[in-house]
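A short write-up of the structure that comes next.
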Amino acid sequence: AYNFNAGPAALPLEVLQQAQQEFVDFKGIGMSIMEISHRSKEYEQVNGETQQLLLELLGLPSGYKVLFLQGGASTQFAMIPMNLLTADKVGAYVMTGSWAEKAYQEAQLFGETFLAASSNESGPLNIPALSDIRVPDNAAYLHVTSNETIAGTQFHEFPDTGSVPLIGDMSSDILSRSFDASKFAMIYAGAQKNLGPSGVTVVVAREDFLKDSPKHVPTMLRYSTHIKNDSLYNTPPAYSVYIVNLVLKWIKANGGLSVMEQRNIEKTALVYDTIDNSGGFYEGLATKDSRSIMNITFKLQSEELEKAFIKESEANGFVGLKGHRSVGHLRASTYNAVPYESCKALADFMADFQKRNG
Ligand code: PLP
């Protein structure tokens with residue numbers, strides 16, 4: 001299948017094949033990794049190595065800690081304000097779409113919030129200019145959604161926030177490109193797009209930023225609990241972490257983030273060029289300067305044509321091209337594991353569809 005699902009999404013074929021090989025006998029122990037204690041030396045090795053690999057790929061200096069949590073990125077929307085918003089501070093948010101909105105709404109349950117900037121209210125979808133982002137002095141943090149999965153928009157540069165810690169929801173673009181991760185006090189991502197299967201949520205943060213969680217926060221929702229226990233306070237989603245381990249090794253073996261970025265730019269250019277050269281038959285939903293290299297959103301000139309497009313694309317082996325129900329239209333998600341060939345096939349299909357219907 002040409003898998004353009006938004007999430008859970010494509011995984012590298014080599015990773016699935018290796019997992020298949022090790023499925024019933026993990027490294028000669030005669031059992032699956034799913035069947036052993038998370039306190040075993042085999043799992044501790046996976047836990048430690050996966051953390052190290054992630055720090056290495058992100059190029060982070062010492063002082064950063066990786067956590068493997070549960071509850072999805074959605075639980076981070078709550079854990080962030082629960083742990084970090086104090087009575088004299090505000091949580092500042094950049095409003096870029098549905099996911100930023102969810103994070104912002106959740107913070108309002110716990111304290112004062114501040115709208116640091118917003119995307120345009122009408123017209124093509126965009127990311128606000130960095131110069132429009134206002135960060136108040138009493139901000140506990142500034143939260144950005146680096147890639148809006150539904151809108152198909154992506155920050156191409158991140159704001160300088162001075163002494164205010166920067167937090168990024170990178171659920172849909174973590175490890176898709178090189179960037180200066182040390183600008184961030186904390187990055188988080190549900191694994192199910194670029195990192196592995198659902199079930200594990202990855203947090204990468206400066207240890208000093210997260211280590212003092214307030215005591216009224218429930219134990220499992222305190223970052224300090226998971227830092228102190230190296231993500232082994234309770235039973236972790238061991239199989240998901242194991243697949244993340246294989247995905248990170250795959251990224252490393254393929255050249256790391258700069259190679260991922262190059263590939264993602266090249267393969268999405270095939271589809272964006274097809275849209276731009278269609279004379280208006282296809283129209284991108286995002287402004288050109290805010291386009292995402294992970295989620296390409298576009299439309300056709302009528303609902304009828306879009307229905308025909310989906311139907312024919314499915315008959316031709318394309319999966320997941322229907323837009324999210326909140327914005328409709330069409331979306332191709334092009335995470336790291338989606339090969340160039342799939343985007344080439346999509347671009348060819350789009351050109352052919354236009355020839356027959358334009
Ligand atoms: N943030 C972004 C940018 C997302 O794309 C998603 C899921 O698609 C989420 C958060 C929510 O993630 P989860 O389903 O892991 O809670």
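Before moving on, here are some points about what is shown:
- Only one of the listed residues (Ser178, Ser172) is hydroxyl-bearing (Ser, Thr, Tyr) and within 16 Å of the ligand (Cβ to nearest atom). That residue is Ser172.
- When region 28-58 is filtered for residues that are under 17 Å from Tyr233 (Cβ atoms), assigned to a loop (DSSP other than H, G, I, E, B) and not hydroxyl-bearing (Ser, Thr, Tyr), the ones remaining, listed by number, are His38, Arg39.
- The lone exception for Ile150 - which of (1) within 12 Å of the ligand (Cβ to nearest atom); (2) in a loop (DSSP other than H, G, I, E, B); (3) closer than 29 Å to Gln21 by Cβ; (4) in contact (Cβ under 8 Å) with a residue 60 or more places away in the chain it fails: (3)
- Region 75-108 - residue that is among the charged types (D, E, K, R) and in contact with a strand residue (DSSP E or B) (Cβ under 7 Å, 6 or more places away or on another chain) and, of those, surrounded by the most Cβ atoms within 10 Å (Cβ to Cβ): Lys89
- Unique match (being touching a Ser or Thr at 6+ places or on another chain (Cβ under 7 Å), within 21 Å of Asn3 (Cβ to Cβ) and surrounded by 15 or more Cβ atoms within 10 Å (Cβ to Cβ)) among Ala286, Ala347: Ala347
- Once region 82-99 is narrowed to residues that are within 15 Å of the ligand (Cβ to nearest atom) and more than 16 Å from the chain's Cα centre (by Cα), the residue that is farthest from Ser119 (Cα to Cα) is Tyr93.
- Options Val164, Val135, Val144, Val217; residue that is within 25 Å of Asn264 (Cβ to Cβ) and among the aliphatic types (A, V, I, L, M): Val144
- Residue within region 257-274 that is in a loop (DSSP other than H, G, I, E, B), surrounded by 14 or more Cβ atoms within 10 Å (Cβ to Cβ), outside the structural domain of Asp173 (by TED's automatic domain parsing) and touching a residue at least 40 places away in the same chain (Cβ under 8 Å) present: no
The values are calculated or read from the model by the stated rules, or taken from the named source; none is laboratory data. Since the model is a prediction, treat every value here as computed from it, not as a measurement. Cβ: placed from backbone, ideal geometry, glycine included. Neighbour counts: every protein chain shown.
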